[in-house]
Amino acid sequence: GAGVSQTPSNKVTEKGKYVELRCDPISGHTALYWYRQSLGQGPEFLIYFQGTGAADDSGLPNDRFFAVRPEGSVSTLKIQRTERGDSAVYLCASSSPSGGTDTQYFGPGTRLTVL
Amino acid sequence: AQSVTQLGSHVSVSEGALVLLRCNYSSSVPPYLFWYVQYPNQGLQLLLKYTSAATLVKGINGFEAEFKKSETSFHLTKPSAHMSDAAEYFCAVSDRGRRALTFGSGTRLQVQP
C-alpha cells in the first residue's frame, strides 16, 4: 500500500515569508507526527496528533510554528515569518497506536531552504 | 529529558566484517528503543525495536540489537557487512507513556569492498 507522502519535496523561500508543508499519512493511521532534521543531526520532534487534536506540541520551537489536522488525516505544518535557521528537512510520520508503543512510518521529507 | 548518544559519527568496515554501531540512552527507567536506517534521498525505515520482551531483538536485513539495562545500551550489530548496508543509522528512544521519539545524531556506515 501507499506510504506516507509529503509535498512539496523541496521548498525554497525568502526570509520573512510564510510556508505550508503537507503530509498525507498512511490510510487508517490515527497518529501523525512532525519532526525536523537539520544537516548532520538526527530528527527532532515537533508535534504529535492523535486524530484531529494535538496530543503533544512540546517540540514546537516557538509561536511561528503551527500545525493542523482538521479531519484527522492530512496535516499541514505552517511556518510564519520564516528565518534562515528554519532551513531543514521536515519529516512526517504516521502510526496506528496499539498498546504501549507503535511503529512510526516516515515519509521522504520536505527540504525547506530559507534564503 | 531523555537523551541518546551514538558514539562515532562515521564507521567504516570492510565487506564481510562485523558491524557494530553504538547507542546509549540516559533514562533510569527502561524506555522503548528503536534503530532506524536512512538511505540517501529516502525516508527513515525501522530496522528493529525493543519493547521489554526479549532483550536480544532481531530486525530486518540481518541486523540485531541487545538491550543491556546495566549499561543503558542498545548497540546494533550485523555479523557480516554488505555493500548495500551503507547508509545512516539512527538510534531512538521513547519514554513509556509518550509517543515522541528522541533520536541520536546518527552514525554513517561506510562499507569498503
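The values are calculated or read from the model by the stated rules, or taken from the named source; none is laboratory data. Fair warning: this is a prediction, and the values are worked out from it, not measured in the lab. Every residue, glycine among them, receives a Cβ derived from its backbone with ideal geometry; neighbour counts consider all protein chains shown. All accessible areas refer to the heavy atoms of the entire protein, side chains included, with ligands and DNA or RNA removed. Shrake-Rupley method; radii C 1.70, N 1.55, O 1.52, S 1.80 Å.
See the values below:
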| read-out | value |
| --- | --- |
| Odd one out for residue A:75 among (1) in contact with a helix residue (DSSP H, G or I) (Cβ under 6 Å, 6 or more places away or on another chain); (2) without any contact (Cβ under 8 Å) to a residue 60 or more places away in the chain | (1) |
| Matching residues, segment A:19-46, being part of a loop (DSSP other than H, G, I, E, B), more than 22 Å from residue A:63 (Cβ to Cβ) and more than 8 Å from chain B (Cβ to nearest Cβ) | A:25, A:26, A:27, A:28, A:29, A:30, A:39 |
| Output for segment B:69-113, where each listed residue is surrounded by 14 or more Cβ atoms within 10 Å (Cβ to Cβ) and among the charged types (D, E, K, R) | B:78, B:85, B:88, B:95, B:98, B:99, B:108 |
| Top-ranked residue in segment B:57-68 [being among the aliphatic types (A, V, I, L, M) and under 15 Å from residue B:25 (Cβ atoms); ranked as surrounded by the fewest Cβ atoms within 10 Å (Cβ to Cβ)] | B:57 |
| Some residue of segment A:11-20 being in contact with a Pro (Cβ under 8 Å, 6 or more places away or on another chain) and of a type in the set (Val, Ile, Thr) | no |
| Segment A:47-90, residues that are in a loop (DSSP other than H, G, I, E, B), crowded, with 17+ Cβ neighbours inside 10 Å and among the β-branched types (Val, Ile, Thr) | A:82 |
| Residues being of a type in the set (Gly, Ala, Ser), within 11 Å of another protein chain (Cβ to nearest Cβ) and either surrounded by 13 or more Cβ atoms within 10 Å (Cβ to Cβ) or within 11 Å of residue B:107 (Cα to Cα) (or both) - total across segment B:1-40 | 1 |
| Residue within segment A:96-112 that is modelled with pLDDT of 95 or more and open to solvent by 40 Å² or more (accessible area, probe 1.4 Å) present | yes |
